Amino acid sequence: MISGEEVGGHGSGWGELGDHAGGGEGESLEKLASEEVTEEGQEEGICVDSRQVAGEEAAYQAAEARRQALVCSVKAEIARKQSERGKGWGHLILLVVSLVVFFQLGLLEANARLLVLIVAVLVVHEAGHYVGMRAFGYRNVQMFFVPMLGAAVRGRCYGVASWKRALVSLMGPLPGVGLGVVLTVAAGVTGSKLLLEMGMMFVIVNGLNLLPVFPLDGGQLLREVLFSRHATVELGFRVVGGLAIVAGAFLLKAWILAAFGGLTAVLAIMAYGQARLAGDLRRRWQQAARARGWSGAAGGPPFGQRAPWKATRETTETLEAEDEVPVWAVGAILPRLQEQSGGDKAKVATLAQLTLDIWERVQLRPPAWWVSVLFLVGYLLSLAGVAAGVVVLGTVQTMLQGGG
């Protein structure tokens, strides 16, 4: 990968060579065109064919023009993706259609009454994620059902801090567990078996989502506050999570769930390459920043500034919004992506999406250790709350059965 400084140095070299060629004293153009001897080369007997130099310069300029055109095209596509705003009616249609498909396929495995309870639990759970994402500035947030698996909320989290992402992962299961305990207590007071069944469903579904398995909510939390600090450790955590889902699915003979677990492991391997590239880019940034005496977190300037290997200390003002991908970053990421994709065959839209994903990883900063410790304590307390909820469930169920 060629940095901006390397490209600039190469260009200035050609300029110096051109100045030297034009400064001959009384030498004919034919002689200059056939052969030029540099000052150092005169002692070493090294001759440079100016026609070869001109050809190499033309080839370099053509390649540089193609590179710059691709960078501009990818940058424009990224800007288009970042400026996209989903239509509310489109999100609503997706939610309704996916719910209908989820319900129809669910009838093959369960009765309508149980499906209604499951849908209610999933809606409350995902609504918590939805509210958290909207509150923390996620874009294009939408909820939908996944037939035979559950439901999900997705959105683009440009520049959202890791601690906010971790909190979003808790905003789904914790309200559901709390509501489940309340319904269970109400069942004990009123003797309602329906309330007990609802409470049991809320506690179990949301409690399972808190398990430390990626991509469940508990796994998402641990990734954000702990495992994202090292790409290899994160890879292991995500692959183990996917294999754990596969193992559980085989025990339950849930083959669709097994396929989902396998896909999770494969996607983890793909994400590992992006994490390594993002880490390399971040290290280069910080090394160049320290070499220039810039201040900032980890020795580097805040994100959103010009490339440190192009800028000077006098030009370190923030020039682009933090959630935008700077042109220098696009230029640094593209060569690596093209190496992985086998040249220039990848489409601009694909390169733009991959560049955007990698830039998000570059900006990703795990929370401070004390914040991570607080999250881990809160996570353990959440698991303790689930265990307490299960105990309450058992107690109320025994009481109702004894009273019946």
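Descriptive notes on the structure:
- Distance in nm between pseudo-label sites at V97 and E339 (7 Å out along the Cβ direction from Cα): 4.1 nm
- Taking θ as phi - 60° and the Karplus parameters 6.51, -1.76 and 1.60, the scalar couplings of segment 93-105 work out to 4, 4, 5, 5, 4, 5, 5, 4, 5, 4, 5, 5, 5 Hz in sequence order, x denoting glycine and proline.
- Backbone amide hydrogens, once placed in the peptide plane, bring R365 within less than 5 Å of S162, excluding anything fewer than 5 places away on its chain.
- Take every pair of alpha-carbon atoms less than 8 Å apart whose residues are at least six positions apart; their mean separation over the length of segment 87-157 yields a relative contact order of 37 percent.
- Between segment 219-263 and segment 77-144, the Cα center-to-center distance that results, in Å: 22 Å
- Pairs from the list K193/K253; K81/K164; K164/K253 with a Cα-Cα gap above 32 Å: K164/K253.
Coordinate-derived values only; no laboratory data. Keep in mind the model is a prediction, meaning the values are calculated, not measured. Methodologically, a virtual Cβ is constructed for each residue, glycine included, from the backbone with ideal geometry; neighbour enumeration extends over all protein chains shown.
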